[in-house]
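The values are calculated or read from the model by the stated rules, or taken from the named source; none is laboratory data. No experiment lies behind these values; they were computed from the predicted model shown. Because the Cβ atoms are built from the backbone with ideal geometry, glycine has one as well, and the counts that use them run over all protein chains shown. Only protein heavy atoms, including side chains, enter the accessible area calculation; ligands, DNA and RNA are left aside. Shrake-Rupley method; radii C 1.70, N 1.55, O 1.52, S 1.80 Å.
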Amino acid sequence: MVAMRWLFALLLFNASAAAAQPVETRAEALAEDAAQYAAQFSVPLDEAQRRLTAQQASVAATDSIANEFADRFAGIAIEHHPAYGIVVLLTGDEPVADRSSGGVPIVFRTGAKATHAQAVAAMRRHLIDLRADLPNARGAGYDQRTGEVVLLVTGVDAQRFGTEAIRRRAEAAAGVPVRVVVNNLNETNMSVDGGGRVEGLNAQTNHRNLCTTGFVITNGETNAITTAAHCPDDLTYIDRDGSDVTLPMIGSWGAAYRDVQINGSPNSPDPLFYSNRGAGTLRRVTTWRNAASTRAGDFVCHYGESSGYSCATVELTDYAPPGDLCGGPCSPTWVTVKGPNCIAGDSGGPIFSGDIAFGIAKGINRSDSGQCLFYYYMSTDYLPPPWRVLVQTAAMPPARRP
């Protein structure tokens, strides 16, 4: 059990709320997310729904492709312009015939200089450890669209050493393609000041903190609630009707590749979560997306107590945040999602698409002016065993709609 406390938090579901709030059907959840997609990509709502349906339906096909070409696999990306499609990037020059999945074209491109596995291994060995060369903060992630490791460096380092010199040094050390991006790396774990109605006494400051909680999880015998690893140990949830319930801490994990606390919740028998707590919108979790199956360009949504409900595309997989935001150096296991809708205080609202759980928000990367450039999340893969996301099963009666 790890006793770290890091700054992000999750959205709460409490079963007493389910009795008072309608639960969205799968079609309703899809339509809500599709409205965000349609607005961002300027397509009709029915086309947005078709694309989001295809996004999930194509996962089996892209997983199979990644296995089929494991020795050449560099990345898979969803393209939204000029038309919706999937691009598979491979090493080598041997061509592969294009395919389709459910009417979605799958195009193969060759010529990548390193496989995905080689790039991530290089990050683990070298790129997140260039402390002597780059004295200021740096982050690194993998771009499945281009087959490059993206090295984020501060403007100070870029001016001092030159971006091209940094790129050459990083490529020489790692042996994989590197793209250098200047980013002042104003990164923090997401704040707990978002006003979620989970309260507890912070033993370090002796002040009461507000947090929010997220997906219902289970170890096969007991159901519980996830929350931020930095939150007070024992929490009290204040429901929308003013009632409360105590959530005693079960455990906390906050180093390297995890940022999660588990609190007991006797009133969480169903796999439900708020996708938009302000609107009282509940969704039912039916499955989760593994980190290995997450692709650049996947359209995902999140809820934050400060910025509310919003959706955007995955940018970098295998991201290692800078500095010591993970109780020491971070592992390249996090996933970044494009801004601008994230605010310090969103505190790790759940990351999801429709009724599929993707992860738990951890941190935010901001410009000097404070604008959100991207946020990043912990995949549900990294819940500490034997805990896993509770999902709706055929044997489980659906939550009643009032």
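Filtered by the rule that a residue be modelled with pLDDT under 75 and of a type outside the set (S, T, N, Q), segment 215-255 gives A228, H230, C231, P232, Y237, I238, D239, R240, D241, G242.
Candidates in segment 353-379 are the residues that are at pLDDT 95 or above and outside any strand (DSSP E or B); of these, the one that is surrounded by the most Cβ atoms within 10 Å (Cβ to Cβ) is G354. Among the residues here, T213 qualifies as part of a loop (DSSP other than H, G, I, E, B), more than 30 Å from N136 (Cβ to Cβ) and open to solvent by less than 40 Å² (accessible area, probe 1.4 Å). All of V96, V2 fail the test of being in a loop (DSSP other than H, G, I, E, B), of a type in the set (V, I, T), at pLDDT 95 or above and surrounded by fewer than 18 Cβ atoms within 10 Å (Cβ to Cβ), apart from V96.
When segment 75-89 is limited to residues that are without any contact (Cβ under 8 Å) to a residue 60 or more places away in the chain and touching a Gly at 6+ places or on another chain (Cβ under 8 Å), the one that is most open to solvent (accessible area, probe 1.4 Å) turns out to be L89. Please verify whether segment 28-41 includes one or more residues that are farther than 21 Å from N276 by Cα, modelled with pLDDT of 95 or more, out of contact with any Gly (no Cβ under 7 Å at 6 or more places or on another chain) and open to solvent by 50 Å² or more (accessible area, probe 1.4 Å). Taking every residue of segment 28-41 in turn, none turns out to be farther than 21 Å from N276 by Cα, modelled with pLDDT of 95 or more, out of contact with any Gly (no Cβ under 7 Å at 6 or more places or on another chain) and open to solvent by 50 Å² or more (accessible area, probe 1.4 Å).
In the set (1) modelled with pLDDT of 95 or more; (2) in contact with a strand residue (DSSP E or B) (Cβ under 7 Å, 6 or more places away or on another chain), L130 fails one condition alone, (1). Among the residues making up segment 287-304, those that are more than 24 Å from T146 (Cα to Cα) and open to solvent by 40 Å² or more (accessible area, probe 1.4 Å) are T287, W288. Just one of the numbered conditions (1) modelled with pLDDT of 90 or more; (2) buried (at least 24 other Cβ atoms within 10 Å of the Cβ); (3) touching a Leu at 6+ places or on another chain (Cβ under 7 Å) is not true of G339: (2). A114 is checked against (1) open to solvent by 30 Å² or more (accessible area, probe 1.4 Å); (2) assigned to a loop (DSSP other than H, G, I, E, B); (3) touching a residue at least 60 places away in the same chain (Cβ under 8 Å); (4) of a type in the set (A, V, I, L, M) and fails just one. What number does that condition carry? Single failed check for A114: (1). Of all residues in segment 123-170, those that are closer than 23 Å to A77 by Cα and open to solvent by 40 Å² or more (accessible area, probe 1.4 Å) total 4.
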